[in-house]
Amino acid sequence: MTTTYSSGIAEDAAPPKVAENDDTYWRAVGRRLMRDKVTLFCGAILMLMAALILFAPLVAPYGPTDGSIVRRLKPIGTPGHLLGTDELGRDMLSRLLHGGRYSWFVGITPVAIAFLVGGSIGIIAGFAGGKINMAIMRVTDVFYAFPSVLLAVAVSGSLGAGIANAIMSLTIVFIPPIIRVAESVTTGVRNLDYAEAARATGAGARSIVVVHILPNVLGPIFVYATSLVGVSMIVASGLSFLGLGIKPPDPEWGLMLNTLRSAIYSQPMIATLPGICIFMTSVCFNFVSDGLRTAMDVRA
Amino acid sequence: MSDTQQIEDRGGPAQPLLIVKGLVKHFPIGSVFTGKQVVRAVDGLDFTIDKRETLGIVGESGCGKSTASRLIMSLIAPTEGEIVFDGDLVGAAGGISLAEYRRQVQMVFQDSYSSLNPRLTIEESIAYGPKVHGTPHREAGERARDLLQAVGLAPRQYARRFPHELSGGQRQRVNIARALALRPRLIILDEPVSALDKSVEAQVLNLLLDLKEQFGLTYLFISHDLNVVEHVADRVLVMYLGKIAELGPVDDIFGRAGHPYTRALLASRPSMDPTRRRTQPPLVGDPPNPINPPSGCRFRTRCALAREICAEREPGLYEIGAGHQAACHATQADSGYGDSRRLAA
């Protein structure tokens, strides 16, 4: 024997941290989020927007379709019309508030549905592995090969205009990328030692998925889905802009952008207002999803 | 700890706990361009593990140690071969069921971090196995806390912590407790201390030795660290490229190694003792590709003693002492090695 070891069990060198004894995972995530000023700021903006949009009928000074042709294209700051009026003399503030309901709805709904559908398919593919994985992922690749906007326009165009069809086409667009993310995250977790150890205990597939896979993959998939909300809003607005989404006179940011196009030289500020709304929402969603990703990384 | 192991010893002390017969694992690889190929990760393993002994498996990276452990753990299906657990053929009619076998054989992995679910508390991780096997939640929790105590972690302090709040050594103790939770008889230790620093390594090794006494366990200890294996093992199996190079009692392997590979491994470790320093050159180069292993003896491409016979005929496992076998022609007078011309090695 060349090496001798001391006998007896000693405590490891690293002393236990005392302060964080009851530290659950989500509490730690919350604490890290609280330190992230950008995410907090963007989250606050989103919450403010959501509240204003939700209570649009109470907050908005006018109805979204009330207009008078004599008040057309009043500039920003006109008394009684804080953000001016559009090409048909409708109050811009009221239309933006009401339009947000449509924009947010068609922005979030497809992503939510795609998160459920694509997430499930991706987790199944990742957990099953082998031939099932192969079949699911190759079919996904076919959809993935189309540029997203083009696919949305094609599906929406063949289904016809309307809010339901727009949502359906966007859902179809977002399912493949979510499947891919879900599959890769699940495959990664499935091959980790703790999943192997669970199999070694003789646990069934259901127990392994519920206890070991889902809690470790839902977070990353959810964060990715959040980052798609901004894209979804932009594409939905694009569909409306092309006349494939919401139909006039309903206010929707993309549609407003379209109808205000002609006013871009006479009232450029007013014509860009819906675009600013889309931009702000999309950027805020992206920052929040980035912040969530960082905060949810356990090792950080 | 009052919760002692109840061992259903079926075959009696003379019956080996584990018999591995002709275990083979070939991983198919290749594409339409290269044609079908197989990686011969494990290519015919035969050995036994007696009750309450520690069998050490040593070998270089990529020699098939980990594949062998996963085969024995039945995490992957063997291409060929069978495993007999305490006299019962595993997974066969009339033998022991896979589910029951998995309860009796548990594993501790090398990476202490990735082998614990980051979302479960320490107690939940340990209690998971018993719960899967139908132990009521409360009882499983109690067993988890008892085991934490047994591995030297105060339950009140650690049970509700998460893996990332623990040090590497503490996490490996948790992994050991987790493996013990199903009251197994055989524990496969796949490089359990390789990722730990030296002082913690010694503590964990001593803990393993204590637990072995306390619970009457049998260990299959896989490592590339010869000093560690010498410290814990009763018998040692030296693997090279998916096959057994040498197998024997620990003192024979470390004192009277018969296989040139074993001697080279021993020579390659730094010794503190001048009288133990060897004159043989240490190993050079990497092991050959397991897709296309050399003909005859697999070690001949790196062997200082290789001769013609070594390329022509594969050596069997020759008995060179009591319970001591080596797969080398040079150990045999009648193998045709003696009069052959030396190969340019």
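Table for the structure above
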item	result
Selected residue [under 18 Å from B:Phe215 (Cβ atoms) and over 26 Å from the mean Cα position of the chain (by Cα)] from B:Arg143, B:Arg102, B:Arg138	B:Arg143
Flag if A:Asn191 is farther than 30 Å from B:Pro130 by Cα and polar (S, T, N, Q)	no
Test: residue in the range B:143-160 that is open to solvent by 10 Å² or more (accessible area, probe 1.4 Å) and among the hydroxyl-bearing types (Ser, Thr, Tyr)	no
Qualifying residue in the range B:114-135 (condition: part of a loop (DSSP other than H, G, I, E, B), out of contact with any Asp or Glu (no Cβ under 6 Å at 6 or more places or on another chain) and closer than 13 Å to B:Ile222 by Cβ)	no
Enumeration of residues in the range B:125-140 that are buried (at least 19 other Cβ atoms within 10 Å of the Cβ) and at the interface with another protein chain (Cβ under 10 Å from one of its Cβ atoms)	B:Ser125, B:Tyr128, B:Gly129, B:Pro130, B:Lys131, B:Val132
Residue ranges of helices (runs of 4 or more DSSP H) in the range A:1-113 with at least 3 members within 14 Å of another protein chain (Cβ to nearest Cβ) and at pLDDT 75 or above	A:25-34
Residue within the range A:144-164 that is farther than 28 Å from A:Gly238 by Cβ and surrounded by fewer than 15 Cβ atoms within 10 Å (Cβ to Cβ) present	no
Leading residue by the ranking (nearest to the other protein chains (Cβ to nearest Cβ)) among those in the range B:205-225 that are without any contact (Cβ under 8 Å) to a residue 24 or more places away in the chain and closer than 12 Å to B:Thr54 by Cα	B:Leu209
Unique residue being touching a strand residue (DSSP E or B) at 6+ places or on another chain (Cβ under 9 Å), on the phi > 0 side of the Ramachandran plot and of a type in the set (Gly, Ala, Ser) when the list is B:Gly129, B:Gly152, B:Gly62	B:Gly62
Every residue from the range A:232-269 that is surrounded by 19 or more Cβ atoms within 10 Å (Cβ to Cβ) and among the small types (Gly, Ala, Ser)	A:Ser232, A:Ala236, A:Ser237, A:Gly238, A:Ser240, A:Gly245, A:Gly254
Which numbered condition B:Gly242 fails, given (1) within 18 Å of the chain's Cα centre (by Cα); (2) within 12 Å of chain A (Cβ to nearest Cβ)	(2)
Boolean, A:Ala205 is open to solvent by 10 Å² or more (accessible area, probe 1.4 Å), over 12 Å from B:Leu75 (Cβ atoms) and free of Cβ contacts under 8 Å to residues at least 12 places away in the same chain	no
Top-ranked residue of the range A:270-299 - restricted to ones that are part of a helix (DSSP H, G or I) and free of Cβ contacts under 8 Å to residues at least 24 places away in the same chain, ranked as least open to solvent (accessible area, probe 1.4 Å)	A:Ala271
Flag for B:Leu283 being out of contact with any His (no Cβ under 9 Å at 6 or more places or on another chain) and either modelled with pLDDT of 85 or more or farther than 25 Å from B:Val38 by Cα (or both)	yes
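The values are calculated or read from the model by the stated rules, or taken from the named source; none is laboratory data. This is a predicted model, so every value here is computed, not measured. Neighbour counts run over all protein chains shown; Cβ positions are idealised from the backbone, glycine included. Each accessible area value is taken on the protein alone, full model and side chains, heavy atoms only, with ligands, DNA and RNA left out. Shrake-Rupley method; radii C 1.70, N 1.55, O 1.52, S 1.80 Å.
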